Each structure stands twice: as structure tokens, then as C-alpha cells.
């Protein structure tokens, strides 16, 4: 058994396969996921696990060189916007429609149980050196 970190076997395996510039989407339970990216669905019931619980777990294991959110999060979900910005200071904002289109090009989507608006972020993987 692993000593710590992400215990979900499918998610741990998917993270190990990521490389520099690969994109990972952390999604609320309502974000449409098109065919293409691998999906690890962690949603259990509305709100479990939360977007921030999953984001924090991923950030503890990934090197992230950039991130993208929907600009609409600022007005529709300011607490979430502030939490994301605190964790990812290099943050780009695009329209929600554009973010939904970018999901198709992601290597991995991690679906959470989050049920608040625009709680989604696209992470661009970096390297530790």
C-alpha cells in the first residue's frame, strides 16, 4: 500500500502517465466531457468530493506551469475564484464556452462532486527541473 498521496489506483496511474505540457481538467459534476480525454470520475454525491479537495490533492503531486479558468467564475462563484487564484497565481481567464472546447484536448479529466457554478480549472503540466 502507498504511504500517502493519491490512493485511487486509476487516478494515480493516470497522473503517472502525464508529461510536460499535458493538460488536466479538474471539473465540477456538471461540466460536459466530450469523447477524447481519459476520465477519472470521483463524484459520489453532490458536493463529495469537493473541487478544492481534489485540486489540492492533485497540486500536491503535479508540477503545474499554468492554469486556465472560465472568466465567469469571478462573478458567479467568487469564493471558488479566490481559492483557485490563491493556489494558482499564474492563472489565465477565458470564456466558459472556450474552456468547454479546450476539455476535448486535455489528456485527463478528473470529475468531482462539486455542485457550484464554474468550479473547473485546466492545469498545464510542467517539469520539476
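Nothing in this text is a laboratory measurement; each read-out follows from the coordinates by a stated rule. Just so it is clear, the model here is predicted, and its values are computed rather than measured. Using ideal geometry, Cβ is built from the backbone for each residue, glycine included, and neighbour counts are taken over all protein chains shown.
Some observations on this one:
- Segment residue 98..residue 7, full-extension length gain: 29.5 nm, with 0.36 nm per residue of separation and the alpha-carbon distance subtracted.
- Computed on the Cα atoms alone, the convex hull of region 6-66 gives a volume of 101 cubic angstrom per residue.
- Sequence-separation-based contact order of the chain, relative, with Cα cut under 8 Å and 6+ spacing, percent: 49
- Per-residue Cβ neighbour rank within 10 angstrom, fewest leading, 87, 92, 111: 92, 87, 111
- Net lengthening on full extension, residue 59/residue 129 (0.36 nm per residue, minus Cα-Cα): 23.6 nm
- Over all projection directions, the Cα-based convex hull of region 9-125 averages an area of 6.3 nm².
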